[in-house]
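Take a look at the structure below.
The values are calculated or read from the model by the stated rules, or taken from the named source; none is laboratory data. Owing to the predicted nature of the structure, the values given are computational and were not obtained by experimental measurement. Methodologically, a virtual Cβ is constructed for each residue, glycine included, from the backbone with ideal geometry; neighbour enumeration extends over all protein chains shown.
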Amino acid sequence: MNYYLRKYVGKYRVIAEYDKATLDFPRTYEGNIDPTFADIYIKCANNIRITHAQGSELFVIIPSKQRGCTILKDIWADKVEKRLPAEPKSDDKKYLTNLCKEIDKTDVIYGAEVLDQEVVFFFKDKDMDYITKYLKPRTSGASISPFSKKNLPKSDYKIPKKDEDAYKKIMESFPKREMGERTVPNGMLITKINKKIIKKHKITEKPNMKAKQTIHSNGLWGEYLDELRKECK
């Protein structure tokens, strides 16, 4: 597994990609994260990504051609000179051909390329502090693990209204606990029942689903409500 960018957890928001089909991270049959999985990136402003290339090389993907070209020009002006390399042909100007060829003169970035929809380039890990001025990595949620379920989209699985109403009815008489000035159903007790049902039936939980969604999707809603009702006596 590619752990290189995980050293930035706590400083920047590091995210692991997920499987669009399962809405989960790639896993082994045992349910563990696939050890060959390496698609991790630092999330930056404007959907810019910093990924790991090899060794101490990092790779930047800027999904806006205009924004990417501006960043290339700004770094050149800051590190080399205000005047940009001449681009005689219209296509050269469109893709900053000569600037990209000479960009390594900045001693910061290299291998830059302007594509139709995006701009990409490489830089060394040691220059991260300089590059962040232009890429603006997110710091909000920096302490969140790349493999946290918070990085997964929520499941769109819907519990039918009649089943949800039955659950809410039970909650009216379910044991309560104080939460500040409010009295709410005892969440710890509910969690205990959730785990009991899941463990009993050896259910594989989906990280992007709430426990009761998982239970319902496995056809165990009736048994689940019965377990909840027992606590109301």
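Overview of results
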| item | result |
| --- | --- |
| Check on ILE170, surrounded by 12 or more Cβ atoms within 10 Å (Cβ to Cβ) and outside the structural domain of GLU17 (by TED's automatic domain parsing) | yes |
| The range 22-74 - residue that is loosely packed, with under 15 Cβ neighbours inside 10 Å and in contact with a Pro (Cβ under 6 Å, 6 or more places away or on another chain) and, of those, modelled with the lowest pLDDT | ASP34 |
| Helices (runs of 4 or more DSSP H) contained entirely in the range 131-233, each with at least 1 residues that are over 30 Å from LEU72 (Cα atoms), of a type outside the set (Phe, Trp, Tyr) and touching a Leu at 6+ places or on another chain (Cβ under 8 Å) | 161-171, 187-200 |
| Sole residue being touching a Ser or Thr at 6+ places or on another chain (Cβ under 9 Å) and either part of a helix (DSSP H, G or I) or outside the structural domain of MET128 (by TED's automatic domain parsing) (or both), chosen from ASP78, ASP92, ASP74 | ASP78 |
| Residue match in the range 30-44 (condition: in contact with a strand residue (DSSP E or B) (Cβ under 6 Å, 6 or more places away or on another chain), touching a residue at least 60 places away in the same chain (Cβ under 8 Å), under 30 Å from ASN151 (Cβ atoms) and outside any strand (DSSP E or B)) | no |
| Hits in the range 95-124 (condition: within 18 Å of ILE48 (Cβ to Cβ), part of a helix (DSSP H, G or I) and aliphatic (A, V, I, L, M)) | ILE103 |
| Qualifying residue in the range 186-208 (condition: touching a Gly at 6+ places or on another chain (Cβ under 7 Å) and loosely packed, with under 14 Cβ neighbours inside 10 Å) | yes |
